[in-house]
Each structure stands twice: as structure tokens, then as C-alpha cells.
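Inspection log for the structure reproduced underneath, given as C-alpha cells.
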Amino acid sequence: MIWFRSAFFVLLGPGTALAWGPLAIVSSTKARFDLGAARWAGLLPLITGILALLSCIWEFAKQGRGTLAPIDEPRFVVRGGLYRWVRNPMYVSVITAFVGEIILFQPPWLILWAAVFTTAFSVFVVVYEEPHLSSRFGESYEQYRRSVPRWVPRRPQAT
């Protein structure tokens, strides 16, 4: 059942950010889709971001016993996989995928779309998510917070 819930919330959250919104933006612009060789470079960050996001969702379900939705959040602090490198790998993954979409499709409105989501992620993490996780998981989360950076991945510290 957790996999069904995860799939639903993926389609709703990241699906909107990375698929439904950009699809609407790209299809509504009158931009020429001249996919020259340089634009194909966008596939690397796009695919990397999507695979990293799927990895994080897997860790949330497997290790945390929850989904990416705040209404069905993990029951445990997830520290495995990409969460060893950065505290917010889902957001970093989505931003990485946005970079790929922007390089690949190049509509100016997609840059604005990505900027709005990136700003919203940052505000949400600082204003709601971190205080909520701190109060919910206490010292366990605080220790994790002190040892793993928020946005810029870093090699995990030896334990």
C-alpha cells in the first residue's frame, strides 16, 4: 500500500513540478524546438535528477515507512542513500531535473517556473519542514541536521 501512496504523491507533487507544468509551458509557447546537439546535454541533469528523486522516494518508503507528502510523512528520520550526502535530496533532485529541462527545451517561462519552485522549496524547508522535523524527531534529527548540509551535497562523514 505504501508504494501506491508514494506513486500517487509523486504524480501530484514532483509530477506537477517536473511534468504537468513544464509540459503545459512548453506546449503553449511558440518556441521552435530546434533540438541541436547542445540541447541534448540537458538530458544528463534531467535523467540524473529523476533517478535521484526516485531513489529518495524509495528510501522514504523503505527506511522511513512513509511518502514524500507532508500528510503521509516518514515515521523515522531517513539517513540512508542520498540523505547521507544532503538533507534535502528530493528538492535538489527536482532542481537538477529543472536545469535539464531548461537546457533541453529552453522556453523562458520554464526558467520562471523553476525559479518559483526553487524559492518555494527553500522557504518551505526553513519555515516549516526543519522546525517540524526538529519537534517531531528531537535529538535524532538535530544530530542529523548538524552533520549533513541542507542544500550542497558533501561526502558523508565517517562514523
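The values are calculated or read from the model by the stated rules, or taken from the named source; none is laboratory data. It should be emphasised that the depicted structure is a prediction, and the values quoted were computed from it without experimental measurement. Counting neighbours? That spans all protein chains shown, and the Cβs are built from the backbone with ideal geometry, glycine included.
Data overview
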{"read-out": "Qualifying residue in the stretch 53-63 (condition: out of contact with any helix residue (DSSP H, G or I) (no Cβ under 7 Å at 6 or more places or on another chain), hydroxyl-bearing (S, T, Y) and either touching a residue at least 40 places away in the same chain (Cβ under 8 Å) or closer than 21 Å to R150 by Cβ (or both))", "value": "no"}
{"read-out": "Residues being of a type in the set (G, A, S) and in contact with an Asp or Glu (Cβ under 8 Å, 6 or more places away or on another chain) - total across the stretch 102-119", "value": "1"}
{"read-out": "Residue check for F76: more than 22 Å from R154 (Cβ to Cβ), surrounded by fewer than 17 Cβ atoms within 10 Å (Cβ to Cβ) and more than 16 Å from the chain's Cα centre (by Cα)", "value": "yes"}
{"read-out": "Residue satisfying all of: in the stretch 1-31; closer than 15 Å to L110 by Cβ and out of contact with any Leu (no Cβ under 9 Å at 6 or more places or on another chain); modelled with the lowest pLDDT among these", "value": "A31"}
{"read-out": "L104 being at pLDDT below 90 and crowded, with 19+ Cβ neighbours inside 10 Å", "value": "yes"}
{"read-out": "Of all residues making up the stretch 138-159, the number that are of a type in the set (A, V, I, L, M, F, W, C), at pLDDT below 90 and surrounded by 14 or more Cβ atoms within 10 Å (Cβ to Cβ)", "value": "0"}
{"read-out": "Pairs where the first residue, in the stretch 125-152, is closer than 14 Å to V77 by Cα and of a type in the set (G, A, S) and the second is exposed (fewer than 14 other Cβ atoms within 10 Å of the Cβ) and at pLDDT below 90, C-beta under 8 Å, 6+ apart", "value": "S147/Q157"}
{"read-out": "Conditions (1) over 19 Å from the mean Cα position of the chain (by Cα); (2) touching a residue at least 12 places away in the same chain (Cβ under 8 Å); number of the one not met by V94", "value": "(1)"}
